[in-house]
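The values are calculated or read from the model by the stated rules, or taken from the named source; none is laboratory data. None of the values given here were measured: they were computed from a predicted structure. Here the Cβ positions follow ideal geometry from the backbone for every residue, glycine too, while neighbour counts run over all protein chains shown.
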Amino acid sequence: MPQRTNHFQKLVKVITTQLGGEHVQVIESAMLYDREADCEREVDILVVGNIASSTIKIGIECTAKKSPVDVRIIEGFKDKHRKLGINKTIVVSKSGFTRSAKICAETNHISALTIRSAEKENWSQVYEKLKGLSVYGRSYSFRSISLTFEKENAPHQFIINAETEVFFDSKWISIFEFGTTLFTSLKVSEKAFKEMMENEKNNPDPYVEVGFDLGLQYEFRDTTGCVVKPTAITLRLAYRSNYRALNPEPIVYDDQEMIAGGFFDSNGVDFAHIAARELNGTISGTLEFSGNLIPSPDSKTV
């Protein structure tokens, strides 16, 4: 994670990523070499792209100060970016710019931008559905894996445990990997989102149980080398979720209307930000989040 960041900087970064598309690289807290000072210096957000076989670097500096950016700050960024080989400078201020700062920025071809609230009366009806948007991370852990056999083929000595393997896709894999592949194919989190969330609210130890008909297609092998073909498998998985509100709001950034929002905890470890816009009636969005959004899973068991 970058050494120096904040909610405002991360919001600008996710907006930049959404507007830049897949043809540019957006780097937060990029370190570039300053030849005059013989040291590396940080640029809040660096956008790298190619135009006519040439690499173009756009440096974005973010300031969340309560007072408007003055001319000294603009001059400082101009000089800093010149030393770092930046081709285009953008300064984003949470509190706007003084008159002299705007004149200095325009004279030096620096874009002075703010993120301002858009009029909700003009908010696209498409965005209305996203007003209560939230994000969640979820982890699963196996509680049990059960196999079903035909009566006449029921094994007497087969041992199912964490070392059991399954012959799948032309190779032997662990029973956990096989179970994960089956479970993922169902898209349970997507199809039963409300039910699972409700179950989690009302149950201190929530789990989901699903079964699959194997039709004697897969070989299972235990640690003794015994091989069997079950007719069905039942998976029980415990799960833990972390739900967080994004609270997106309509904004205007560089004359572009969109929605943006997110959270950034004071510890700087937990965060998630989203930026989305309407393109020809379709919502295109970018979501960035910390790994801590996903809870640590419990231990696997069989």
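Quick notes on this one:
- In the stretch 243-285, the qualifying residues are those that are in a strand (DSSP E or B), among the polar types (S, T, N, Q) and out of contact with any Leu (no Cβ under 9 Å at 6 or more places or on another chain), and the one that is farthest from Tyr136 (Cα to Cα) is Thr282.
- In the stretch 247-276, the qualifying residues are those that are of a type in the set (D, E, K, R) and free of Cβ contacts under 8 Å to residues at least 12 places away in the same chain, and the one that is farthest from Ser111 (Cα to Cα) is Asp265.
- Answer residue from the stretch 130-175, given it is in contact with a strand residue (DSSP E or B) (Cβ under 8 Å, 6 or more places away or on another chain) and of a type in the set (Phe, Trp, Tyr) and is nearest to Ile233 (Cα to Cα) among those: Phe149
- Met197 meets the conditions (1) in contact (Cβ under 8 Å) with a residue 40 or more places away in the chain; (2) in contact with a Pro (Cβ under 7 Å, 6 or more places away or on another chain); (3) not acidic (Asp, Glu) in every case but one. The failed one is (2).
- Selection from the stretch 110-127 of residues that are modelled with pLDDT of 75 or more and either of a type in the set (A, V, I, L, M) or out of contact with any Gly (no Cβ under 7 Å at 6 or more places or on another chain) (or both): Ile110, Ser111, Ala112, Leu113, Ile115, Arg116, Ser117
- Residue within the stretch 40-47 that is surrounded by fewer than 18 Cβ atoms within 10 Å (Cβ to Cβ), without any contact (Cβ under 8 Å) to a residue 40 or more places away in the chain and farther than 18 Å from Gly76 by Cβ present: no
- Conditions (1) under 23 Å from Ser284 (Cα atoms); (2) in contact (Cβ under 8 Å) with a residue 60 or more places away in the chain; number of the one not met by Ile60: (2)
- Condition met for Gly96 (of a type outside the set (Val, Ile, Thr), surrounded by fewer than 21 Cβ atoms within 10 Å (Cβ to Cβ), in contact with a Ser or Thr (Cβ under 8 Å, 6 or more places away or on another chain) and within 24 Å of Gln256 (Cβ to Cβ)): yes
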